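First up is the structure itself, then whatever we jot down about it.
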Amino acid sequence: MKIKTGDNVIVISGKNKGTTGKVVQVIWHPRKEAHYVVIDGVNMRKKHIRSGRHGEGQIIELPGPIHMSNVMFVEKSGKPTRVGYKQEGTTKKRVAKVSGEFID
């Protein structure tokens, strides 16, 4: 996959356009056959928790998923870039298209 957990990404479309963050989780949706990413602090959703054994009810905010086509990898220099693959020896490594540097 071109974007993995722990990568820094920028949102390129939608209501959160221009925000950057770290990928917390990558999700595969089997019915839609699409990848989604959960980014820390982006696309925040409210979740209502009912009171019960754990204590009082409360409202918490959690990051929601964003389609992978709406995010772009950010290099160490801070520029957004597409990600490609290059064969180095017997291993396949991810490469930033803008600079040509290896990501992993």
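Here are a few things to note about the model shown:
- Meets criteria (under 18 Å from PRO80 (Cβ atoms) and of a type outside the set (D, E, K, R)) for GLY6: yes
- Of residues in the range 59-98 being among the hydroxyl-bearing types (Ser, Thr, Tyr) and touching a strand residue (DSSP E or B) at 6+ places or on another chain (Cβ under 7 Å), the one nearest to SER13 (Cα to Cα): THR81
- Checklist (1) surrounded by 10 or more Cβ atoms within 10 Å (Cβ to Cβ); (2) at pLDDT 95 or above; (3) touching a Lys or Arg at 6+ places or on another chain (Cβ under 8 Å) applied to ASN70, failing item: (3)
- Filtered by the rule that a residue be surrounded by fewer than 10 Cβ atoms within 10 Å (Cβ to Cβ) and of a type in the set (Asp, Glu), the range 50-65 gives a lone residue, GLU56.
- Sub-6 Å Cβ pairs linking a first residue in the range 92-104 that is on the phi < 0 side of the Ramachandran plot and part of a loop (DSSP other than H, G, I, E, B) to a second residue that is surrounded by fewer than 13 Cβ atoms within 10 Å (Cβ to Cβ) and of a type in the set (Lys, Arg), at least 6 apart or interchain, are LYS97/ARG82, ordered by first then second residue.
- Residue tally, condition more than 12 Å from the chain's Cα centre (by Cα) and either of a type in the set (D, E, K, R) or surrounded by 13 or more Cβ atoms within 10 Å (Cβ to Cβ) (or both), over the range 14-33: 7
- Every residue from the range 54-104 that is acidic (Asp, Glu) and either within 26 Å of TYR36 (Cβ to Cβ) or in contact with a His (Cβ under 8 Å, 6 or more places away or on another chain) (or both): GLU61, GLU75, ASP104
The values are calculated or read from the model by the stated rules, or taken from the named source; none is laboratory data. This structure is a prediction, so every number in the text was calculated from the model and none was measured. Ideal geometry is used to build each Cβ from the backbone, glycine not excepted, and the neighbour counts take in all protein chains shown.
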